[in-house]
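*Asks:* One structure, pasted below without further comment.
The values are calculated or read from the model by the stated rules, or taken from the named source; none is laboratory data. It should be emphasised that the depicted structure is a prediction, and the values quoted were computed from it without experimental measurement. FYI the Cβ positions are ideal-geometry reconstructions off the backbone, even for glycines, and counts take in every protein chain you see. All accessible areas refer to the heavy atoms of the entire protein, side chains included, with ligands and DNA or RNA removed. Shrake-Rupley method; radii C 1.70, N 1.55, O 1.52, S 1.80 Å.
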Amino acid sequence: MGGVPADAEVEPGTLLVAAPTMFDPNFKRTVVFVIDHRAEGTLGVVLNRPSDVPVNDVLPGWGAHVAEPQSVFVGGPVDKKTALCLAALRTGETAASVPGVVAVRGPVALVDLDSDPEVLVAKVRGVRVFAGYAGWDSGQLAGEIEREDWVIVPALPSDILAPPSRDLWGQVLRRQGVPLALLATHPGDLQRN
């Protein structure tokens with residue numbers, strides 16, 4: 001076989017945007033932020049699936065510090081009892097200078113939920129908590145990309161804090177320019193041709 005693997009452009013900090021033809025209910029019209037990508041597999045969180053569960057109900061110390069709507073977001077179908085937290089660091093801050101975080105890419109960092117939110121809050125533009133994650137075993141994501149289930153695009157730090165009232169899926173596609181921007185106009189309920 002040879003050649004470049006289909007997932008060669010995937011790296012921490014990129015977005016996987018579900019193609020309009022993605023009908024898996026776990027991922028239909030989702031935007032997944034990639035936290036980790038290596039030969040063994042890929043891990044990310046869905047950015048545009050808020051739940052009705054307030055963060056305060058599951059992580060009392062964090063509820064007041066998370067971005068609106070202050071609810072837990074459904075990060076994906078894997079291990080839904082696991083909480084992951086992403087932060088967008090303020091300008092001038094780096095993951096190395098902020099205790100309790102691990103760099104993902106640029107100003108986006110993974111937060112240790114055992115750390116003190118009071119120490120973190122002054123150094124971040126916002127944090128978001130996710131229950132569960134999206135995960136792919138070795139080669140699985142490459143296969144889905146080859147099938148054109150996902151569009152790989154760069155993330156903006158503001159994507160991780162996007163309010164649910166915004167159509168993040170459409171917005172991310174539109175900012176890519178033509179031809180990808182045209183996918184944002186897809187109604188989503190058409191049957192495959």
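*Asks:* Can you pull out every residue in region 121-158 that is under 16 Å from the mean Cα position of the chain (by Cα), part of a helix (DSSP H, G or I) and either among the β-branched types (Val, Ile, Thr) or farther than 19 Å from Asn26 by Cα (or both)?
*Replies:* Hits for region 121-158 are Pro157, Ser158.
*Asks:* Something else about it: Among the listed residues Val127, Val55, identify the single one that is crowded, with 17+ Cβ neighbours inside 10 Å, in contact (Cβ under 8 Å) with a residue 40 or more places away in the chain, under 18 Å from Leu168 (Cα atoms) and β-branched (Val, Ile, Thr).
*Replies:* Val127
*Asks:* Pick from Ala162, Ala181, Ala103, Ala109: which is hydrophobic (A, V, I, L, M, F, W, C), surrounded by 13 or more Cβ atoms within 10 Å (Cβ to Cβ) and closer than 18 Å to Val46 by Cβ?
*Replies:* That would be Ala162, the only listed residue that is hydrophobic (A, V, I, L, M, F, W, C), surrounded by 13 or more Cβ atoms within 10 Å (Cβ to Cβ) and closer than 18 Å to Val46 by Cβ.
*Asks:* Separate question: Return the total of residues in region 58-84 being open to solvent by less than 40 Å² (accessible area, probe 1.4 Å) and closer than 19 Å to Thr30 by Cβ.
*Replies:* Residues flagged as open to solvent by less than 40 Å² (accessible area, probe 1.4 Å) and closer than 19 Å to Thr30 by Cβ within region 58-84 amount to 7.
*Asks:* Among the residues of region 82-103, is any farther than 17 Å from Leu15 by Cβ, at pLDDT 95 or above and touching a Cys at 6+ places or on another chain (Cβ under 8 Å)?
*Replies:* Scanning region 82-103, I find no residue that is farther than 17 Å from Leu15 by Cβ, at pLDDT 95 or above and touching a Cys at 6+ places or on another chain (Cβ under 8 Å), so the answer is no.
*Asks:* A further question follows. Return the total of residues in region 69-100 being out of contact with any Ser or Thr (no Cβ under 9 Å at 6 or more places or on another chain), touching a residue at least 60 places away in the same chain (Cβ under 8 Å) and in a loop (DSSP other than H, G, I, E, B).
*Replies:* Adding up the residues that qualify gives 0.
*Asks:* If you go through region 11-41 one residue at a time, how many are part of a loop (DSSP other than H, G, I, E, B), β-branched (Val, Ile, Thr) and within 13 Å of the chain's Cα centre (by Cα)? Quick ask: steps written out before the conclusion?
*Replies:* Keep residues of region 11-41 that are part of a loop (DSSP other than H, G, I, E, B), which gives 11-13, 19-30, 39-40.
Checking which are β-branched (Val, Ile, Thr) leaves us with 21, 30.
With the extra rule that they be within 13 Å of the chain's Cα centre (by Cα), the set shrinks to 30.
Residues flagged as part of a loop (DSSP other than H, G, I, E, B), β-branched (Val, Ile, Thr) and within 13 Å of the chain's Cα centre (by Cα) within region 11-41 amount to 1.
*Asks:* Do we have Gly44 as open to solvent by less than 10 Å² (accessible area, probe 1.4 Å), part of a loop (DSSP other than H, G, I, E, B) and in contact with a strand residue (DSSP E or B) (Cβ under 7 Å, 6 or more places away or on another chain) here?
*Replies:* no
*Asks:* Evaluate region 130-144: report whether one residue or more is in contact with a helix residue (DSSP H, G or I) (Cβ under 7 Å, 6 or more places away or on another chain) and surrounded by fewer than 22 Cβ atoms within 10 Å (Cβ to Cβ). Step through it out loud before you land on a result.
*Replies:* Start the filter on region 130-144 by keeping residues that are in contact with a helix residue (DSSP H, G or I) (Cβ under 7 Å, 6 or more places away or on another chain), which leaves none.
No, region 130-144 has no match at all.
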